[in-house]
Structure formats: C-alpha cells, structure tokens
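Below is one structure, written out as structure tokens; comments come after it.
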Protein chains: 2
Amino acid sequence: MAVSLRDVAVRAGVSVRTVSNVANGFAHVAPETRRRVQGAIDELGYRPNSAARQLRRGRTETISLVVPEIGSPYFAELASLTVRIAEERGWTVHIDQTDGHADRERQMISGPVGRSVDGVICSPWAVGPEELSRLSAGPLVLLGERAAAGRLDHVAIDNVAASRAATEHLVATGRRHIAAVGVQPHLHNETARLRLEGYRAALSAAGLPVPEDLVVPVTTLHRPDGAAAMARLLDGPHPVDAVFCFTDELALGALRTLSERGYRVPEDVALVGFDDIEDGRFARPSLTTIAPDKAQIARLALDCLADRIADPARPDRDLVAGYRLLVRESTTGDLP
Amino acid sequence: MAVSLRDVAVRAGVSVRTVSNVANGFAHVAPETRRRVQGAIDELGYRPNSAARQLRRGRTETISLVVPEIGSPYFAELASLTVRIAEERGWTVHIDQTDGHADRERQMISGPVGRSVDGVICSPWAVGPEELSRLSAGPLVLLGERAAAGRLDHVAIDNVAASRAATEHLVATGRRHIAAVGVQPHLHNETARLRLEGYRAALSAAGLPVPEDLVVPVTTLHRPDGAAAMARLLDGPHPVDAVFCFTDELALGALRTLSERGYRVPEDVALVGFDDIEDGRFARPSLTTIAPDKAQIARLALDCLADRIADPARPDRDLVAGYRLLVRESTTGDLP
DNA sequence: GCCCTATTTTGCAACGTTGCAATGCTACGA
DNA sequence: TCGTAGCATTGCAACGTTGCAAAATAGGGC
C-alpha cells in the first residue's frame, strides 16, 4: 500500500541504502544516481515512514504542549505562538488538553515523554509541583508554576511584581477600595497565590487595609466566574471602587455584571485584568491589563526544553519572561 | 535507557512475547504469570514504545486537525471539542496550524497522512477544493468547504439557510439598510460565498435592494477587520441600520467602532454575528449570533473520518450539522 | 498409562528505517 | 604499471513491537 524505500530502490535499480541517502540529502551520491532515484521517489510518491524513522533514530522531533484548555483565549494564543516558533526549529507540537483534570494531567506528563514525544511543555493546573517532578519521566518544562524542590525547568513572568504593578496603578488613579478576584483555594495554583501576594504588597505599601471580603475566590477563571464574583462584591458589605482580576476573562465577566447593574467603568469601578487577550483590547471600555510577553514565554520554554533534551543532567533553571502594564479605558476612562 | 519488553522479560523470567501478551491484556495468560509479569512491568516502569508499535501495527491511532489558527476563538473551541470527543474514542489529536498559508495547508494535507497520522480533518482556508482533493494522500474530511468534484467527505452547517435566518431576523426587527461584512474576494472561501448568498436571498425575499457598497470585503476575519469595515460603512454614502457579520469576531470589532463613535446598539445599528464564541455572550450588548452546533460538527467529522479510514473506497458524504439563531441584546436591545 | 484437546508459552520473522563498516570503483601521481 | 586516496555504493544488523504458528504444558476421559 504505502511506498517504502524498497519499492523506490527496485524502481531505480539501486540499493535501499542509496535511496535512503538520496532521501536524506547525503553528500556522496553521484549526480546521475541522485537524479534517477529522485525521479523514482517522485513518481512513486514516496514519503518516509515516520514510525520507522523514529524507531531507528530514537527521536521524534515532536514535543507535547499540555494546557488546561485550548478553548481559553490565553492558552489558545500561547499555543498558537508555540506551534509557530517550534516549527521554525523543525519541531512538531502536539497539543494536549487536560480540562483541568488531575488524572489527565498526570497521564500527559508521565505518559508520552520519551515515547511518542521528545519532551513536554506543561502548564499545570490541578497537580502540585512536588508530584509533578516525581511523575516526570523525561524532559519537562513547566509554565507558570515553580517546582517545589527546584527540580524542574520553569518559565514564568514575575507574577508578584506584575500584580503589584497592576494594583499600584489602581492606587495611583486614586482608588481606595480595591478588590481582588481569582484566588483558587481548592487548587494547587501557585500563580494565583503569587498574584495575591503582589496585590497585598501594593496595598500594604500604600497603607491601605485588605478586608478579607474583598478577596474573592473563584472556581474557574472564566467569564461567568468573574461575573458571579463581581455580583458578590457589589452585594457585599464593603464599598468597592476598583477590582484587580487575575485573568482578563474574569475581568470581562466582571465588566458585564457592572454594566448590567448600571455601574460606569471606570468612573464608579475601575478594572484591571491579566493576560492581554484580544477580547480585552476590543471590549468597551477596553481593558487595562498586564500583558505577559507570550512570544517570549514560548521561545524561552522551547529553548529550555531543547537544552534539557540535549543534556538531561544539566542543572534546572527558572527563566523569567517580561510583561507590560497596558493602561486602557477600564482604568483611565478616556472614552472618545 | 528506556525500558523495553526484553528488559521486563528478563526480570520476570518469561519470554518477550508473554510480556507483550500481558501488556496487551491477552486472555490466555496464567494468573500467576500475569501477576509476576505485571509486577516486573510496574517495578521497571515499562511503557510501550509507540514508534515500534505503530511500525508493527501500521496504525497510529492519531489524527491531525488542520485549522488556520488555534488562536481564533471559534477554532479554539472547535479544537477543544474535537480533542475531547476523539479521546473518548481512543484517538489522539494532533493540532496543526496553517496561519492561512496555502503552502502550509498543502503540506499538512499531503504530508502526514498515512505516515504519522491515520487521517486528517481540515478546515481549509487558502487552497481551493479541487486542489485539495488532488493533494489528499489518505483519509481526509473537510470542514466548511465543499469539495468541488464531490470527491471528499465534508461536514458543515447549511450556511445559506443560517445566513438567511440571520438576515431575516434583522428584517423582522424592522431594519431596512442591512450591510454584510466578511466576503473575502482574494481567497477560495466558499463559506463566505454561501453566507453572502443567504444574505442576498433574505433581502430579495423581503423586497429590499442590495447596494454593492453595503457588502464589505475583509482581509481576515478578526476584530480589527470588523472595526475597519464598520468605519467604512459609517463613512460611506448609504445609511446603515443593521450589519450582518460573517463571524462574531468581525461583529465584535464592528461593535467597538460603533461604540467609539457614539452609536447605540441596537437602537441605531443592530448587529448579528456568526459562530457563537464566548466573547459574544459576554459583550455589552451581548451579540445575536448564529450558533453552529460545534460539538455535532466535531462528532460528525470524527465519525466520518473513522468510516473513511475503515473503508477508503466508500462513497463520499456531505454531512450537515445543525445551527441555531441566538437572539441577544445586539438586535433586540432589551438591556436591563 | 495413553491419547486427545485446551490452555499457556514461546521462537521466528517482519514492519521501514538508518548506523556502521566494508566493498567496489575511479582517478591521480609516482 | 601499480599503489593509494577518495568517492560512490552496498549488505548487514538493529531499533521494539506484534502476527503467526509451533511447541510445551496441563487437563480430562478411556
């Protein structure tokens, strides 16, 4: 059925090995032979069998990107960039989705590595760092989460500094009752923890109190959660004049609730998000946000994984990607 | 380095073949033997080498999903569903992104099929249907686009009927100057053509004229294009009291422009989108849209591909998935 | 005890490719 | 004319797995 090297060899009247040499661009092939073999390859439509090649070479040139969900804009954009950059380096990317299930996460991390893929880039969700490093069966780079024992490579932005910057921006625009939406007490979510830390640090530095009621937990990080959290804040005992949401999606949900209830943004309540997803840029008002350098994250993760694959024993690294605070209408309110 | 059947066999004191039998749950293995072998498998942490397995079995149990871009919410949601449903059927999905480049599209369609994947589901963009069917080197199911010669399987909603329904809804709410945004004259985009057809049919049926200036072409289908198209409409010679956008992203861009210029939606201009992406549900006003049944699309495509793989010679099919018109604030304006 | 059948275990070969090393070949200089 | 160097080509083996069919073992009836 499928055309193999043998078929081409017979057709061209040479050995299998010579066809392999031509197919792989090996230097020492006579021009005439090369022409003949190439002709046979084209005629028969030969394409290498990747399974056989992998088996022989021991490399797949494929990596896996494990994310909680591709449907979420942040991960979609990140995945998109990762695929594009990986391709420039001759890698194929296999995208896997865990849906936030711990089991699937474990499976994706301990499963394919060293078998169908050369390495894994994972943005963990439900599984804690120490278990991750225990499970890992091959080259693994974590996004966001820092491995507890420092036994894994790791790429992230400085979440504390970024969150602090976001909160300080709210303080600087005169806000005094600043809420935070996005902690997830039920999960091993170090990212949320760090963002909370940055938020608290900014408030302390400004001499503002942090009523516990203004820190609102959520189940997931999507729009409906943000909408519900905002409702809870508005119905609560404390006044609120600003909200720092740990993701843009949460902020967009909050924006919706505010709008429904007739609050003006930012005059009554200012909003800051996190991630810089495209929806935030086009929302009305557009969303002030922390923009992690996603391309840099993807690039660093791929670099890091390449190094790790090249030398499994090398010391692990914590790589830090950049971010920017993008000030838009949801805090400054210069609507046209 | 990696543990193979041989290693386990030595450890358990049985033949390689017996280990294979245990690993694959073959029935005729003595309980005691099974226990011993399983013990060795667990101890050594054996995991099958998928390349070798593929080589031997001739199947990869992997399919490829080729989309223009994962970063776009519609494709992200569709990919997410496809991955989830495929997994229930024991398939792994490899997501590939073409960025709308014709070359990459050709490559993805003619490349991996029958080699690293068992089949391909492709949402074509730049390459025309007749070329697609010529290129295809194995089981291939198209999304959206109908293959010219009818030589390929195909899954889509009834774009003409859906667009007609969307436009008729605008007519029914009293609109008389209805624009369409989203044709792409520079591409082989059959979907856009069909949606235009539905739009025209609805207007004709209502006895409304279709000034050519009200049909606005776009380069891509993203928010910025929608924003620019809306600006062009507002600056144009014709009055506009409604816009049917061929994607929700376009509509969200248009919404932004309208809002910036002080138009009220839907009082001054009503908007209908297409795709039912999450952003549209939470926009303000929320977006009236055509919601294709994405889960059904994914399911039909996977069914169809499975059938095609099972019997490459079977007659091709055009499968039609459902859709619904979701009426929201951007046309009815019942803002709370 | 012996034969026949059913169960359990095994050896061999092959999937398509490439690393290794050996072979044949040509051309050049002595 | 011969030796040698360098290029072109080749055969063999192996990667880890599973299909096939044979072999070994156990079970049962006479």
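The values are calculated or read from the model by the stated rules, or taken from the named source; none is laboratory data. Everything numeric here is computed off the predicted structure, so don't read it as measured data. Positions of Cβ are generated from backbone atoms using ideal geometry, with glycine treated the same way; all protein chains shown enter the neighbour counts.
A few comments on the model shown:
- Test: residue in region A:97-110 that is free of Cβ contacts under 8 Å to residues at least 12 places away in the same chain and either over 26 Å from B:A51 (Cβ atoms) or within 8 Å of chain B (Cβ to nearest Cβ) (or both): no
- Consider region B:55-78 and keep the residues that are under 22 Å from A:S116 (Cα atoms) and in contact (Cβ under 8 Å) with a residue 40 or more places away in the chain. The one that is surrounded by the most Cβ atoms within 10 Å (Cβ to Cβ) is B:L65.
- Filter result for A:V127 (over 27 Å from A:R223 (Cβ atoms), touching a helix residue (DSSP H, G or I) at 6+ places or on another chain (Cβ under 9 Å) and either part of a strand (DSSP E or B) or β-branched (V, I, T) (or both)): no
- Test: residue in region B:58-69 that is part of a helix (DSSP H, G or I) and at pLDDT 90 or above: no
- For region B:79-90, a residue qualifies if it is more than 7 Å from every other protein chain (Cβ to nearest Cβ) and either within 28 Å of B:D225 (Cβ to Cβ) or surrounded by 22 or more Cβ atoms within 10 Å (Cβ to Cβ) (or both), and the qualifying residues are B:L81, B:T82, B:A86.
- Scanning region B:306-327 for residues that are surrounded by 14 or more Cβ atoms within 10 Å (Cβ to Cβ) and either within 15 Å of B:S133 (Cα to Cα) or aromatic (F, W, Y) (or both) returns B:R308, B:D316, B:R317, B:D318, B:Y323.
- Which numbered condition B:D303 fails, given (1) under 27 Å from A:P224 (Cβ atoms); (2) without any contact (Cβ under 8 Å) to a residue 24 or more places away in the chain; (3) within 19 Å of the chain's Cα centre (by Cα): (1)
- Residue within region A:39-56 that is under 29 Å from B:G58 (Cα atoms), within 30 Å of the chain's Cα centre (by Cα) and among the small types (G, A, S) present: yes
- Residue list for region B:242-278, restricted to those being in contact (Cβ under 8 Å) with a residue 24 or more places away in the chain, of a type outside the set (G, A, S) and touching a Pro at 6+ places or on another chain (Cβ under 9 Å): B:D248, B:E249, B:L255, B:R261, B:V265, B:P266, B:L271, B:F274, B:D275, B:D276, B:I277, B:E278
- Given (1) away from DNA strand C (no atom under 14 Å from the Cβ); (2) at pLDDT below 90; (3) farther than 19 Å from A:T62 by Cα, number of the condition B:T92 does not satisfy: (3)
- Search result, residues across region A:57-74 that are at the interface with chain B (Cβ under 8 Å from one of its Cβ atoms) and either among the charged types (D, E, K, R) or away from DNA strand D (no atom under 16 Å from the Cβ) (or both): A:E69, A:I70, A:G71, A:S72, A:P73
- Positions within region B:25-62 being under 21 Å from A:A52 (Cβ atoms), more than 8 Å from DNA strand C (Cβ to nearest atom) and not charged (D, E, K, R), in sequence order: B:P48, B:N49, B:S50, B:A51, B:Q54, B:T60, B:T62
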